[in-house]
Amino acid sequence: MIRKVIFLFLFTTSLLKAQSDMTKGFGLLEKGEFQEAELFFQEYLKTDPDNKTAKLCFGRAVGLSGEPQKATNLFSELLKEYPGDFEILINYNESYLWAKEYEQAKPLYANLVEKYPTKFGAVLGYANTLSNLKEYKLALSWVEKAIQLQPENASAKISRKFMRLGYANKFVNNQQYGKGEQTLKKIFEDFPEDKDVLINLANLYLIVKEADKAKDIYIRYATTPKDSITALNGIALAEHIDENDKEALEISKSAIRKVAKIDDEALTASTYDRYVQALIWNRKFISAKNKIDSLETHNPNKNWILALKATLGLYTGDAKSSVESYDRILVNDSASFDGNLGKANALFASDRIIPAYNMANSTLKFYKNQKDAKGFIEKLNLMHTPTIEEHAAYTFDNGNNVAFFTNTTVDVPFSTKFRTTVSYFFRNTENSVTDNKATSHVLLAGLQYKLFPKTVLKTVIGLNNSRFLDEAYTQPVLDIKLDMQPFKLQNLTLGYQREVQSFNAELIEREIVQNHYGLNYNLGTNVNFGWYTQLMHTQQSDDNVRNLLFTSLYYNVLRKPALKMGVNFQYITFKDQLPTIYFSPEVYKAVEIFADIRGNISEKTTYMASAATGIQQVEDDDKTAIFRAEASVQRQFSKRFSLNIYGKYSNIASATAAGFEFTEIGVKAKWLFLKKPLFYKSLNLD
């Protein structure tokens with residue numbers, strides 16, 4: 001009995017001495033100083049080579065210092081010596097997690113929890129493995145089991161937090177925003193006002209454009225000087241989404257002043273990033289460029305600077321430079337979200353549609369189900385999906401003419417470069433005083449081919465069959481246009497059109513054919529001004545000749561709603577004056593001021609209204625007042641069907657060939673009769 005007591009005493013003393021000798025190594029592991037811990041246990045094992053605890057600690061130090069495969073081999077050898085040992089098994093399994101080999105770890109942990117269902121480490125390890133595999137629902141069920149085993153364990157609650165963050169992100173990526181919000185808010189039960197949760201909630205509200213909710217979250221986030229700057233940056237973005245760009249800039253300026261007092265490189269960069277964005281949103285392009293140049297001097301080849309340069313290029317119509325900036329981002333980081341989707345947008349702005357499709361698809365390979373990338377591809381699809389459009393209208397004028405017309409158009413894009421159209425136009429006109437009646441049938445076929453990006457050739461050919469009482473005639477019609485953008489922010493159209501006058505019965509009876517030779521030019525600027533000019537020379541089959549000049553200087557007052565105001569000037573001359581047949585003065589002049597506004601009534605309903613008033617003069621007659629107006633409402637019932645109702649009125653003398661004051665009421669319906677473009681499968685995007 002005494003000998004037994006002595007043996008136990010000696011054994012306990014020896015064990016305590018050994019553990020005491022390893023205390024320093026335990027401390028190094030606990031502090032995360034794994035390389036130092038590796039050296040410590042390597043030396044220790046030279047004096048006690050068979051110590052299992054030291055071998056386990058050495059394996060952990062090796063694995064956590066960056067050699068997980070070596071650790072796996074060490075634990076595998078230990079298992080040969082101690083088969084079925086739980087401590088070795090759990091370290092062996094964990095080594096696969098260190099190596100990020102989650103698929104291999106999953107069956108190992110499944111087997112371990114089956115054998116040891118009450119072992120906290122095994123259950124939590126299995127939950128973390130499932131989480132890393134993004135199997136969040138199952139992972140959360142297992143972490144709940146771990147918490148039941150140790151209700152106050154901090155590690156388990158932290159794991160549950162990150163599982164819920166991942167699960168919420170998965171919901172958001174799948175546009176299940178309500179579930180994402182609920183999942184995030186559950187984390188507050190363990191970690192009230194957790195900063196990770198607040199930031200994720202704010203981002204979610206920004207995605208769904210609930211700017212006020214996002215701002216409220218950022219206010220809750222701002223509990224320290226640094227966090228208040230992060231919050232201001234977020235609030236500035238929320239103001240932009242809420243279409244308050246001026247307020248966004250003021251908030252960004254405030255953040256800039258605050259960040260100057262803090263030594264934090266990353267926070268400073270994100271704050272200046274938001275500030276330059278706010279300058280761009282407010283169209284302060286010169287200030288934005290100067291700031292970008294200054295920032296680039298101190299931050300060469302930084303992705304966030306390159307992204308700002310690209311954004312500025314898109315806003316100022318310099319898509320080519322934007323593509324170059326995004327290319328530089330992708331050289332630095334091929335998986336960059338800004339680089340991939342940003343380049344897709346820049347390619348689209350450059351009218352390079354197939355490369356834009358490919359870049360958006362590349363974004364989805366890196367960021368599965370990403371909302372903006374999917375939306376971008378859908379936008380391209382809608383632009384190139386075959387459509388049927390129906391336009392019907394009723395018109396009447398003060399010359400006692402009434403008319404009804406319909407125009408049915410089928411548009412079929414066969415590729416991003418080539419599309420064709422077929423249309424049928426029917427017009428019935430009559431005069432209630434003379435009882436003259438006439439009808440017109442026009443059948444047209446159009447071909448459109450993109451010669452180069454932003455250079456499109458449009459050709460329409462067809463026949464116009466008109467009937468007046470017992471007489472009828474058929475005339476060919478032709479319309480050829482070349483649309484191009486010779487320089488950025490400039491659009492030029494050169495065209496020829498052959499048409500038959502069909503406004504009223506009298507004109508249809510006379511079979512007047514017009515040959516128009518025209519030029520349209522629009523100059524945009526980055527300072528909200530624009531200038532549009534139309535020149536047209538018309539030769540008629542009755543040997544008359546018309547020359548027309550129309551020019552408009554306008555200013556974009558607001559962006560949302562889009563409000564444009566300006567001054568128009570029109571000048572028309574006719575070689576021969578035939579006032580009893582149609583409006584044909586030797587000289588006609590008109591000056592008017594106009595306003596045009598377009599915006600949203602709701603998410604799927606838009607409106608447009610325009611009005612112009614001024615004075616006109618026909619030859620040497622007295623000047624008279626003119627007024628014209630147009631309004632429409634369009635409803636997007638689905639992504640593939642929309643309906644537009646409109647009305648317009650004009651008393652401008654040149655509005656029609658007959659020179660009458662007239663009113664028109666009409667409706668337009670557009671239906672995308674296929675779900676995707678004809679060429680979509682050939683893109684190999686799915």
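The values are calculated or read from the model by the stated rules, or taken from the named source; none is laboratory data. Keep in mind it's a predicted model, so treat the numbers as computed, not measured. As a convention, Cβ positions derive from the backbone with ideal geometry for all residues, glycine included, and neighbour counts pool all protein chains shown. For accessibility, only protein heavy atoms count, side chains too; no ligands or nucleic acids. Shrake-Rupley method; radii C 1.70, N 1.55, O 1.52, S 1.80 Å.
Observations, loosely collected:
- Of the set (1) under 45 Å from the mean Cα position of the chain (by Cα); (2) farther than 20 Å from Leu548 by Cα; (3) not hydrophobic (A, V, I, L, M, F, W, C), all apply to Glu661 but (2).
- When Phe86 is tested against (1) within 15 Å of Leu29 (Cα to Cα); (2) aromatic (Phe, Trp, Tyr); (3) surrounded by fewer than 15 Cβ atoms within 10 Å (Cβ to Cβ), exactly one condition is not met: (1).
Residues are listed down the side, and each one gets a yes or a no for (1) hydrophobic (A, V, I, L, M, F, W, C); (2) within 21 Å of Ile219 (Cα to Cα); (3) in contact with a strand residue (DSSP E or B) (Cβ under 8 Å, 6 or more places away or on another chain); (4) at pLDDT below 95:
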{"position": "Ala248", "(1), (2), (3), (4)": "yes, yes, no, no"}
{"position": "Ile262", "(1), (2), (3), (4)": "yes, yes, no, yes"}
{"position": "Thr271", "(1), (2), (3), (4)": "no, yes, no, no"}
{"position": "Ile292", "(1), (2), (3), (4)": "yes, no, no, no"}
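- Enumeration of residues in the stretch 631-671 that are at pLDDT below 95 and touching a Gly at 6+ places or on another chain (Cβ under 6 Å): Ala653, Phe660
- Among helices (runs of 4 or more DSSP H) entirely within the stretch 1-73, having at least 2 residues that are modelled with pLDDT of 90 or more and surrounded by 15 or more Cβ atoms within 10 Å (Cβ to Cβ) singles out 34-47, 52-64.
- The listed residue being open to solvent by 10 Å² or more (accessible area, probe 1.4 Å) and farther than 14 Å from Met163 by Cα, out of Tyr136, Tyr116, Tyr109: Tyr116
- Test: residue in the stretch 505-526 that is within 22 Å of Thr421 (Cβ to Cβ), outside any strand (DSSP E or B) and out of contact with any Gly (no Cβ under 8 Å at 6 or more places or on another chain): no
- In the stretch 450-502, the residues that are among the hydroxyl-bearing types (Ser, Thr, Tyr) and in contact with a helix residue (DSSP H, G or I) (Cβ under 7 Å, 6 or more places away or on another chain): Ser466, Ser502
- Residues that are in contact (Cβ under 8 Å) with a residue 40 or more places away in the chain and not aliphatic (A, V, I, L, M), drawn from the stretch 326-357: Ser350, Asp351, Arg352, Tyr357
A quick yes/no check of all residues on (1) part of a helix (DSSP H, G or I); (2) more than 21 Å from Ile229 (Cα to Cα); (3) among the aliphatic types (A, V, I, L, M):
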| position | (1), (2), (3) |
| --- | --- |
| Ala269 | yes, no, yes |
| Tyr272 | yes, no, no |
| Val276 | yes, no, yes |
| Ser287 | yes, yes, no |
| Asn290 | yes, yes, no |
| Asp293 | yes, yes, no |
| Trp304 | yes, no, no |
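- Within the stretch 343-390, considering residues that are over 12 Å from the mean Cα position of the chain (by Cα), acidic (Asp, Glu) and open to solvent by 40 Å² or more (accessible area, probe 1.4 Å), the one farthest from Leu306 (Cα to Cα): Glu390
- Flag if Leu138 is farther than 26 Å from Cys57 by Cβ, without any contact (Cβ under 8 Å) to a residue 12 or more places away in the chain and in a helix (DSSP H, G or I): yes
- Options Glu193, Glu243, Glu210, Glu247; residue that is open to solvent by 20 Å² or more (accessible area, probe 1.4 Å) and more than 24 Å from the chain's Cα centre (by Cα): Glu193
- Restricting attention to the stretch 435-456 and to residues that are under 50 Å from the mean Cα position of the chain (by Cα) and of a type in the set (Lys, Arg), the residue that is least open to solvent (accessible area, probe 1.4 Å) turns out to be Lys450.
- Extreme residue, most open to solvent (accessible area, probe 1.4 Å), among residues of the stretch 399-420 that are out of contact with any Ser or Thr (no Cβ under 9 Å at 6 or more places or on another chain) and part of a loop (DSSP other than H, G, I, E, B): Lys417
Table: residues versus (1) touching a residue at least 60 places away in the same chain (Cβ under 8 Å); (2) in a loop (DSSP other than H, G, I, E, B); (3) open to solvent by 50 Å² or more (accessible area, probe 1.4 Å); (4) out of contact with any Leu (no Cβ under 6 Å at 6 or more places or on another chain).
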site	(1), (2), (3), (4)
Val433	no, yes, yes, yes
Lys481	no, no, yes, yes
Asn491	no, no, yes, yes
Leu494	no, no, yes, no
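- The residue pairs whose first member lies in the stretch 177-206 and is of a type in the set (Val, Ile, Thr), whose second member is part of a loop (DSSP other than H, G, I, E, B), and whose beta carbons are closer than 8 Å, counting only pairs six or more residues apart or on different chains, are Ile187/Asp194; Val197/Phe191.
- Qualifying position, being surrounded by fewer than 15 Cβ atoms within 10 Å (Cβ to Cβ) and either touching a residue at least 24 places away in the same chain (Cβ under 8 Å) or touching a Pro at 6+ places or on another chain (Cβ under 6 Å) (or both), among Asn600, Asn544: Asn600
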